[in-house]
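Notes to accompany the following structure.
The values are calculated or read from the model by the stated rules, or taken from the named source; none is laboratory data. As the structure is a prediction and not an experimental result, all values here were calculated from the model. Neighbour counts run over all protein chains shown; Cβ positions are idealised from the backbone, glycine included. What goes into the accessible areas is simple: the full protein's heavy atoms, side chains included, and nothing from ligands, DNA or RNA. Shrake-Rupley method; radii C 1.70, N 1.55, O 1.52, S 1.80 Å.
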Amino acid sequence: MGITHRLWSREDVAARILAGESLVVYNDLLLRIPHAWLTAHPGGALAILHFVGRDAADEIAAYHAEHTIHTIKKYAIGTVDTSPHVWDPLLPPIMSGWVRKISPDGALAWHNEADPITSPSSLSSEILLVQKDSSLLQHANGPSPTTLRPPPSNLSLKVQARHSAAYKELHKRIIDAGLYKTRYLAGYGPEVARYLLLAASSAYAYKHGWLITSAVCLGLLWHQLVFTVHDLGHMGVTHDWTIDRLLAIFIADFIGGLSIGWWVDNHNVHHLVTNHPSHDPDIEHIPFLAISTAFFNSLWSSYYRRTMLFDRFSAVLVSFQHKLFYIVLAFGRFNLYVNAYGFLIRKAFDTRKARGGRWSWWLEVIGVAFFWCWFGALLKGCGTWTNALIYLIVSHVVTSPLHVQTSVLRSRFLIASSGRPPTLYVPHTFPSSTGGLHLQVTHHLFPRLPRHNLREASILAKQYAKEQGLVYAEFGFLKGNGEVLNVLKAVADQVRLIGVVADKEIQEAIVKKAG
């Protein structure tokens with residue numbers, strides 16, 4: 001494949017998508033993504049599928065190094081008409097519950113795994129998914145043209161074009177300012193020293209029988225290491241995939257017992273469909289937490305490929321979620337183990353990625369096994385099973401500020417999403433406890449940007465917000481916690497209200513029947 005001179009209309013693109021092709025717009029180029037590349041894409045198939053029929057130029061620029069972008073043109077099959085403003089986007093099939101699967105005869109075919117429903121939120125452009133009703137007849141020929149019709153948006157194509165052009169200009173400012181250059185000594189030097197101090201303190205305390213102190217230091221070490229793993233997962237350190245992945249596996253798997261492969265797969269989707277109840281895995285916490293009443297609909301998760309069932313058990317937990325919030329997050333690391341190991345098991349039977357092949361998967365499996373060997377020996381050396389249990393719990397609970405931080409940041413984004421005027425919210429917290437990732441707006445705009453340059457980049461982002469008529473609001477960590485708890489309480493109150501109404505209706509029905 002390569003660039004051709006064919007000009008594709010919006011109708012032509014829609015027809016080819018309905019025929020099963022994955023077509024993505026890149027500026028004025030039309031890219032055809034082969035199925036083989038979907039499964040081999042280092043960032044995961046969903047990162048592409050969420051942009052089928054859409055212009056992904058800004059996202060491609062944000063997530064890929066320059067040398068990678070140069071290879072994109074080989075997938076071009078022509079150009080598209082973007083006049084008078086920008087490409088008029090189609091709705092990706094996956095957004096309405098349609099995916100391509102291998103049928104029994106070995107051929108790829110459309111499969112309708114979920115149905116779209118109207119969002120109860122004020123976001124008119126948000127489509128939610130629920131599991132397909134098995135009693136309904138399946139569409140034999142796949143999605144229809146109306147399936148690709150996006151819902152109305154508050155942003156006109158002209159406004160979208162203006163924002164896109166401004167973003168490209170802002171990105172150029174970031175590059176020209178040299179903010180993609182990693183500060184190895186000034187940035188990571190103090191962090192490595194802190195890591196070594198925490199590791200040495202944990203070992204020293206353990207040797208002298210101060211098990212609680214040792215567990216606290218180990219938990220703090222894990223907490224701090226996550227920020228560097230985050231950078232490596234985004235290729236934000238050396239900007240070389242192989243080197244960053246090797247370092248990430250050493251830290252995440254060998255030292256932390258988690259999976260960097262799972263984290264990248266999960267986190268990329270979070271960045272691309274941030275806070276979408278049906279698509280962002282980072283806010284899908286049923287049965288424990290629901291940050292929106294949308295989850296009352298037992299939504300379908302396109303990431304986990306399952307229904308997030310909101311049953312009586314979920315209703316009970318969510319009705320007290322504002323009181324259980326910190327308790328649930330205190331054990332958040334155990335949930336990371338479940339997700340990480342489930343991912344590694346699934347990938348054992350998956351196709352090879354374009355980068356890393358099988359060696360990265362094997363290295364992760366070896367890393368996780370190594371982790372449980374050394375950490376298991378650590379627990380065994382505690383003397384008694386009660387001491388080992390205490391050490392296990394303390395070391396894991398100490399990492400909970402990380403889960404609280406990320407929950408506050410992501411929930412705050414959700415709160416902001418329906419505000420008027422358009423607002424960019426940034427928490428103003430202690431850099432050492434947040435690893436510099438409290439500057440979430442700038443990080444989401446430029447995910448590969450080295451973390452230690454986010455503060456300088458945020459100054460440029462503020463200028464961008466002012467130029468575009470956006471409100472750049474900063475808030476404290478404590479205030480952020482308070483507002484998130486208020487949101488959780490509001491959702492919990494809705495659960496209790498539904499329960500009261502249901503009980504009243506049952507009582508009325510009983511009285512009516514008795515009469």
*Output the number of residues of segment 467-505 satisfying the condition of being at pLDDT below 90 and either among the charged types (D, E, K, R) or in a loop (DSSP other than H, G, I, E, B) (or both).*
11
*asked:* If I filter segment 65-83 down to residues being in contact (Cβ under 8 Å) with a residue 60 or more places away in the chain and in a loop (DSSP other than H, G, I, E, B), which single residue comes out as farthest from P450 (Cα to Cα)?
replied: D81
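Consider V269 carefully, then state whether it is under 22 Å from G97 (Cα atoms), of a type outside the set (S, T, Y) and either out of contact with any strand residue (DSSP E or B) (no Cβ under 9 Å at 6 or more places or on another chain) or at pLDDT below 90 (or both).
Considered against the rule, which asks whether it is under 22 Å from G97 (Cα atoms), of a type outside the set (S, T, Y) and either out of contact with any strand residue (DSSP E or B) (no Cβ under 9 Å at 6 or more places or on another chain) or at pLDDT below 90 (or both), V269 comes out as yes.
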*Of the residues that make up segment 65-88, is at least one in contact with an Asp or Glu (Cβ under 7 Å, 6 or more places away or on another chain), surrounded by 12 or more Cβ atoms within 10 Å (Cβ to Cβ) and either small (G, A, S) or closer than 20 Å to L46 by Cβ (or both)?*
no
*Kindly indicate the residue of segment 25-62 that is open to solvent by 10 Å² or more (accessible area, probe 1.4 Å), among the aliphatic types (A, V, I, L, M) and not in a helix (DSSP H, G or I) and also farthest from Y304 (Cα to Cα) among those meeting that condition.*
L29
*With respect to E126, is the statement that it is closer than 22 Å to A14 by Cβ and modelled with pLDDT of 80 or more true?*
no
*Within segment 63-75, is there a residue that is in contact with a Phe, Trp or Tyr (Cβ under 9 Å, 6 or more places away or on another chain), modelled with pLDDT of 90 or more and hydrophobic (A, V, I, L, M, F, W, C)?*
no
*How about segment 362-466: which helices (runs of 4 or more DSSP H) wholly inside it have at least 2 residues that are modelled with pLDDT of 90 or more and of a type outside the set (D, E, K, R)?*
385-397
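Among the residues in segment 155-176, are any under 26 Å from K380 (Cβ atoms), open to solvent by 70 Å² or more (accessible area, probe 1.4 Å) and not acidic (D, E)?
No - not one qualifying residue is present in segment 155-176.
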*With respect to G20, determine if the residue is small (G, A, S), surrounded by 14 or more Cβ atoms within 10 Å (Cβ to Cβ), touching a Gly at 6+ places or on another chain (Cβ under 9 Å) and in contact (Cβ under 8 Å) with a residue 12 or more places away in the chain.*
yes
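Is it the case, given these coordinates, that P116 is at pLDDT 80 or above, open to solvent by 30 Å² or more (accessible area, probe 1.4 Å) and touching a Pro at 6+ places or on another chain (Cβ under 7 Å)?
Numbers: at pLDDT 80 or above: yes; open to solvent by 30 Å² or more (accessible area, probe 1.4 Å): yes; touching a Pro at 6+ places or on another chain (Cβ under 7 Å): no.
Criteria not met by P116.
Across segment 15-24, what is the total count of residues that are assigned to a strand (DSSP E or B) and closer than 18 Å to G97 by Cβ? Working first, answer last.
The first filter runs over segment 15-24 and keeps only residues assigned to a strand (DSSP E or B), leaving 22-24.
From what's left, closer than 18 Å to G97 by Cβ: 22.
Of the residues in that region, 1 qualify.
Hey, can you tell me all the residues within segment 145-183 that are outside any helix (DSSP H, G or I) and either within 27 Å of E126 (Cα to Cα) or of a type in the set (A, V, I, L, M) (or both)? Please lay out each step first, then the result.
Going through segment 145-183, the residues outside any helix (DSSP H, G or I) turn out to be 149-156, 177-183.
Scanning segment 145-183 gives R149, P150, P151, P152, S153, N154, L155, S156, A177, L179.
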*For residues that are touching a helix residue (DSSP H, G or I) at 6+ places or on another chain (Cβ under 6 Å) and small (G, A, S), scanning just segment 177-209, find the one that is surrounded by the most Cβ atoms within 10 Å (Cβ to Cβ).*
S202
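Restricting to segment 1-17, give me the number of residues that are charged (D, E, K, R) and surrounded by 14 or more Cβ atoms within 10 Å (Cβ to Cβ). Spell out how you get there, then give the answer.
Restricting attention to segment 1-17, the residues satisfying the condition of being charged (D, E, K, R) are 6, 10-12, 16.
Now drop any that are not surrounded by 14 or more Cβ atoms within 10 Å (Cβ to Cβ), which leaves 10, 12, 16.
Residues that pass the stated criteria total 3.
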